[in-house]
Amino acid sequence: MKLNLTRPLAFFDLEATGLNLGSDRIVEIAILKVLPDGSQEIKCMRINPEMPIPYETSMIHNIFDKDVVDSPKFKEVAQELADFFGESDLAGYNSNKFDIPLLMEEFLRANIDFDIETRRFVDVQNIFHQMEQRTLKAAYKFYCGKDIENAHSAEADIRATYEVLLAQLDKYQDEEWEDRKGNKSKPVQNDVDALHKFTNLSRPVDFAGRLVFNDDGIEVFNFGKHKGKCVEEVFTAEPSYYAWMQQGDFPLYTKRCLEKIWVRWNNNKKVIIRQHTEKTISVEVQEKKSSEPVQPRIEYLKRENVQRPQKEQKAEPVTNDMLEQLKLKFGK
């Protein structure tokens, strides 16, 4: 089956130093970009994580410190990877919860503006778990009838993921599914928009799932003491919670999403305050105009300290008596 695409769909898989989105780093990346005409482009590379790879993690993906010591650092190839992704929508296995947020953390550290908001995301694991609830190895065996060779190799895993999605489209194209509210539909369609909606039922804001949209499309916290509460309402009641999250061990993309809500909330608050102030001033002016009594002119003169003009007095004529008095005064 050929995918029905309007723009490229990039399947990608990451091997990392661990599972902590805020502190772990990529050690290998594989990208399989499927174009609308059905052709494929692939890019695979090892990455120097600039930190030791825990032994228990190396035992899973078989990548050790010595294997990446001469590999490029992510910041050195970040622009190359961003250019390869281009405008592609993103797909993977458990990609919504791990691969996409971890990739975003690396791009943010490298100061690469990788636009995530205009892309669609297809998480093949979500289709599988919501329809069958198994693992990638079981999914590959279940849908494709074979075992993954060289499992936990990024390229082997991502090729298996691609084949699983094609098999899922064949199997579930006409199969009905019922959500928690009893609504029935046929969500697994050969259409990226439909797959995006079906594999993002939790409606995350930040991929890590710390923030999600509620049924009204409003951001709410999805963890801790404020779980289920509107983010902006928490800012109003406890603005220090924003600072606590920004300073805490949360993924950078979670902090960026939180900052956008914070800025929007502050701007809305300023508008409300300004409107309230303008309304209050207007009311006070109107009340003053309607209640101020008319003052008599004399009160006006007193209040404004206005001086009345004085009438000019005429000089008295000089007499002989006046002259005599001056002579006595000055001795002349």
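Structural remarks
- Members of the stretch 98-148 found to be surrounded by fewer than 21 Cβ atoms within 10 Å (Cβ to Cβ) and of a type in the set (A, V, I, L, M), listed by number: Leu108, Ala110, Ile112, Ile116, Met131, Leu136, Ala138, Ile148
- Test: Lys171 is assigned by TED's automatic domain parsing to the domain that holds Val27, surrounded by fewer than 19 Cβ atoms within 10 Å (Cβ to Cβ), modelled with pLDDT of 90 or more and in contact with a helix residue (DSSP H, G or I) (Cβ under 8 Å, 6 or more places away or on another chain): yes
- Annotation: Ala16 fulfils all but one of (1) small (Gly, Ala, Ser); (2) in contact (Cβ under 8 Å) with a residue 60 or more places away in the chain; (3) out of contact with any Pro (no Cβ under 8 Å at 6 or more places or on another chain); the unmet one is (3).
- Filter result (hydroxyl-bearing (Ser, Thr, Tyr), part of a loop (DSSP other than H, G, I, E, B) and free of Cβ contacts under 8 Å to residues at least 40 places away in the same chain) within the stretch 165-204: Ser202
- Subset of the stretch 219-268 (residues that are surrounded by 12 or more Cβ atoms within 10 Å (Cβ to Cβ) and outside any helix (DSSP H, G or I)): Glu219, Val220, Phe221, Asn222, Phe223, Lys229, Cys230, Glu238, Pro239, Phe250, Pro251
- Verdict on Ser88 being surrounded by fewer than 18 Cβ atoms within 10 Å (Cβ to Cβ) and among the hydroxyl-bearing types (Ser, Thr, Tyr): no
- When residues of the stretch 12-46 are limited to those that are among the hydrophobic types (A, V, I, L, M, F, W, C) and under 25 Å from Arg256 (Cα atoms), the one farthest from the chain's Cα centre (by Cα): Val27
- Test: residue in the stretch 57-65 that is closer than 19 Å to Asp193 by Cβ and in contact (Cβ under 8 Å) with a residue 40 or more places away in the chain: no
- In the stretch 20-54, the residues that are of a type in the set (A, V, I, L, M) and crowded, with 19+ Cβ neighbours inside 10 Å: Leu21, Ile26, Val27, Ile29, Ala30, Ile31, Leu32, Val34, Ile47, Ile53
- Count of residues meeting criterion [in a loop (DSSP other than H, G, I, E, B) and either farther than 12 Å from Val27 by Cβ or touching a helix residue (DSSP H, G or I) at 6+ places or on another chain (Cβ under 7 Å) (or both)] in the stretch 50-71: 4
Conditions (1) more than 16 Å from Met104 (Cβ to Cβ); (2) at pLDDT 95 or above, marked per residue:
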{"site": "Asn48", "(1), (2)": "yes, yes"}
{"site": "Tyr55", "(1), (2)": "yes, no"}
{"site": "Ser58", "(1), (2)": "yes, no"}
{"site": "His61", "(1), (2)": "yes, no"}
{"site": "Val68", "(1), (2)": "yes, yes"}
{"site": "Glu76", "(1), (2)": "yes, yes"}
{"site": "Leu81", "(1), (2)": "no, yes"}
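- Criterion applied to Lys186, Lys229, Lys225 was being among the basic types (Lys, Arg), over 17 Å from the mean Cα position of the chain (by Cα) and under 30 Å from Leu3 (Cα atoms), and the one residue passing it is Lys186.
- Matching residues in the stretch 191-218 - criterion: being buried (at least 19 other Cβ atoms within 10 Å of the Cβ) and polar (S, T, N, Q): Thr199
- Residue in the stretch 56-74 that is within 24 Å of Gln189 (Cβ to Cβ) and either surrounded by 15 or more Cβ atoms within 10 Å (Cβ to Cβ) or among the small types (Gly, Ala, Ser) (or both) present: no
- Of all residues in the stretch 20-38, those satisfying the criterion of being in a loop (DSSP other than H, G, I, E, B), within 21 Å of Lys73 (Cβ to Cβ) and not small (Gly, Ala, Ser) are Asn20, Leu21, Asp24, Arg25.
The values are calculated or read from the model by the stated rules, or taken from the named source; none is laboratory data. Computed from a predicted structure; not experimentally measured. Cβ sites come from the backbone with ideal geometry, for glycine too, and all protein chains shown count toward neighbours.
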